[in-house]
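Read the figures in this text as sums done on the coordinates, not as results from a lab. Fair warning: this is a prediction, and the values are worked out from it, not measured in the lab. Please note: Cβ atoms are built from the backbone with ideal geometry, for glycine as well, and neighbour counts cover all protein chains shown.
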């Protein structure tokens, strides 16, 4: 009969030393590395969330330095801006539904359901149109040659200035609809400051007229039309 070979041991030169102590050290190293990676990701998320809240609070406080600080216009800033707009469009469904139900009770409207995708589409559409309008004003009509800005920066600033409209959720019944007027005035003030800073104007009154002109110019045209008819 042939000779029976004995099983290999850790003393053999071709087999690595895999004793329990080494395995324990490797496992600890791996666990610590995974823990540090998770902690780093968690820390990064926390920093981004704090930055997002800071942008909202500074916009609500009408802080003009918000639009001067370059770190608020990094690559992630446009996502913060979009998120603010998205939250507002979600919140806006509250007063919208209250108004529709009120009209139904008065018999002045049929049962209408507003789809969120339509609200999202038209909300984003008007934000883009308004940003293009501001960009054209700052680039071609009231130019400041010393100031440099991009369409993305204008879009970002317009999104930040919408923060006061987050309080529209307070208009959860018809008796509280006056809140919508207050938040809108607050929003106009925030947007006036945003335009004044990103275009580096020295006159807030000019910025106010630029922001509000889409409201009062059509109104003047309508009034003029009816009085001359």
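Find the eigenvalues of the gyration tensor of the Cα atoms of the stretch 58-228, then list the square roots of 5 times those eigenvalues as equivalent ellipsoid semi-axes, largest first, in whole angstrom. Don't jump to the answer; show the numbers that get you there.
Working: eigenvalues 184, 85, 42 Å².
Taking √(5λ) for each eigenvalue gives 30, 21, 15 Å, largest first.
Taking label positions 7 Å along the Cα-Cβ direction at both residue 83 and residue 220, the computed distance is 4.1 nm, reported to one decimal. Taking the square roots of five times each eigenvalue of the Cα gyration tensor of the stretch 99-158, the equivalent ellipsoid has semi-axes of 39, 12, 7 Å, listed largest first.
Normalised by the number of residues in the stretch 58-228, what is the relative contact order in percent for Cα pairs under 8 Å and 6+ residues apart? All intermediate terms of the calculation are to be shown ahead of the outcome.
Values: 158 pairs, mean separation 51.5, N = 171.
It comes to 30 percent, rounded to a whole number.
Residues 208, 199, ranked from the fewest to the most other C-beta atoms within 10 Å, line up as 208, 199.
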